[in-house]
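First comes the structure, then the notes that go with it.
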Amino acid sequence: MTFDLLLVGYGNVAKRFAALLEEQRGVLAREHNLRPRIVGVVTRREGARYVQPEFGRSRSPSALTFIREACLRDRAAARDGRLVVVETTTLDVQSGRPAIDHVRAALGAGAHVVTANKGPVAFAYRRLTRAADRAGRRFLFESAAMDGIPIFNLVRETLPAVSIAGFRGIVNSTTNYILTAMEQGQAFEAALAEMQARGIAEADASLDVDGWDAAVKTAALANVIMGAEITPHDVQREGISAATAADAAEARMSGRRLKLVVRAMRDDGRVTARVGPESLPGDDLLAGVEAQQNALILRTDLLDEIAIVQRGGGLTQTAYGLLSDLITIARDAGRAPRSAPRRRSPSRHGRR
């Protein structure tokens with residue numbers, strides 16, 4: 001089945017995703033009956049263009065107009081549920097826009113949406129999920145928290161009747177790499193520059209080192225797997241800096257490790273969350289998470305603690321998250337769309 005893709009944003013992640021589509025083209029067709037083709041691209045700097053000649057030229061002045069225009073021109077694919085908007089624009093930590101508007105416009109025009117942008121999930125998860133349900137389309141975001149590691153799929157698909165009471169983890173590759181490097185004597189600025197050169201750090205590096213990226217991921221995780229309704233501004237936040245090097249070295253010499261840890265917990269029905277450096281005992285699972293690795297430990301009611309560790313993170317892993325979401329949509333083609341599972345009432349079992 002042919003799926004038409006509109007790329008909103010064409011930075012490092014989107015380019016790796018486009019390359020991954022080509023690399024996996026045979027597997028996608030053979031194992032998933034999926035034949036994706038990119039039909040249009042829109043970026044803030046270069047504007048909108050159609051890749052497939054039958055769509056002609058676009059004169060759309062904005063991404064929102066282009067999304068609506070492209071969905072109209074590709075109305076057959078939209079009608080049949082074969083049109084997917086891939087949203088990878090830059091994160092806005094203040095409001096999650098314009099990514100939220102892109103997602104809403106795409107769903108309203110009949111397209112599915114997959115995104116690596118954390119903003120829509122951190123700021124508007126419930127609203128956008130309801131919009132997707134009304135449209136009979138999917139809104140998926142596996143790349144939004146831990147690259148391509150299937151944390152959202154893990155909870156949604158494989159943990160029925162399990163309530164998530166809280167979580168803690170390391171979810172920002174840049175800061176974890178910097179902390180590991182500073183333990184070994186490397187300067188803060190040099191370690192950050194290396195992450196920027198690899199395309200891992202956010203375009204605005206302060207989003208990483210000031211803890212904003214981790215706070216947005218924490219809000220996204222809490223909203224989806226714990227049924228919270230918070231934004232990054234509700235997350236208590238502390239980042240790292242060059243001055244943190246002394247703390248990292250001191251912790252290491254005492255058999256401990258300094259890590260930027262995210263936490264969320266439920267207390268009297270209310271979800272609270274924080275991000276900040278913590279000195280962890282050497283035998284803590286998170287203490288062994290090195291360099292660009294990520295990890296998340298879920299605290300559950302029935303299965304105690306469940307941990308998932310990503311031993312390597314990068315553009316390929318993030319792009320894979322988009323690809324896995326696309327495969328999910330293709331797999332569901334022709335079937336009634338499924339929304340995220342409804343959380344249990346806190347008055348009976350607690351709520352996740």
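Of the numbered conditions (1) buried (at least 20 other Cβ atoms within 10 Å of the Cβ); (2) modelled with pLDDT of 95 or more, residue 283 satisfies every one except a single condition; which is it?
Against the list (1) buried (at least 20 other Cβ atoms within 10 Å of the Cβ); (2) modelled with pLDDT of 95 or more, residue 283 comes up short only on (1).
Working carefully through the options 204, 213, find the one that is assigned by TED's automatic domain parsing to the domain that holds residue 250 and under 15 Å from the mean Cα position of the chain (by Cα). Write out each step before concluding.
Numbers: 204 fails: under 15 Å from the mean Cα position of the chain (by Cα).
Of the residues listed, the single one that is assigned by TED's automatic domain parsing to the domain that holds residue 250 and under 15 Å from the mean Cα position of the chain (by Cα) is 213.
Any residue at all in the stretch 309-332 that is surrounded by fewer than 20 Cβ atoms within 10 Å (Cβ to Cβ) and in a strand (DSSP E or B)?
yes
Just for the stretch 236-293: of the residues that are in a strand (DSSP E or B), closer than 16 Å to residue 184 by Cβ and of a type in the set (D, E, K, R), which one is nearest to the chain's Cα centre (by Cα)?
Across the stretch 236-293, the extreme among qualifying residues is 259.
Among the residues of the stretch 118-140, write down those that are part of a helix (DSSP H, G or I) and in contact (Cβ under 8 Å) with a residue 40 or more places away in the chain.
119, 121, 122, 123, 125, 126, 129, 132, 133 - these are the residues of the stretch 118-140 that are part of a helix (DSSP H, G or I) and in contact (Cβ under 8 Å) with a residue 40 or more places away in the chain.
Residues being surrounded by 17 or more Cβ atoms within 10 Å (Cβ to Cβ) and assigned to a helix (DSSP H, G or I): count how many of those fall in the stretch 48-67. Spell out the reasoning first.
Step one: of the stretch 48-67, the residues surrounded by 17 or more Cβ atoms within 10 Å (Cβ to Cβ) are 48, 50, 58, 60, 63-64, 66-67.
This time we only want the ones that are assigned to a helix (DSSP H, G or I), so: 63-64, 66-67.
Within the stretch 48-67, residues that are surrounded by 17 or more Cβ atoms within 10 Å (Cβ to Cβ) and assigned to a helix (DSSP H, G or I) number 4.
List pairs: first residue in the stretch 141-155 and farther than 15 Å from residue 297 by Cα and surrounded by 24 or more Cβ atoms within 10 Å (Cβ to Cβ), second residue of a type in the set (Val, Ile, Thr) and at pLDDT 95 or above anywhere in the structure, Cβ distance under 6 angstrom, at least six positions apart or on different chains.
Qualifying pairs under 6 Å: 141/115; 141/121; 144/121.
The values are calculated or read from the model by the stated rules, or taken from the named source; none is laboratory data. Quick caveat: nothing in here was measured; it's all calculated off a predicted structure. Virtual Cβ from ideal backbone geometry, glycine too; neighbours counted across all protein chains shown.
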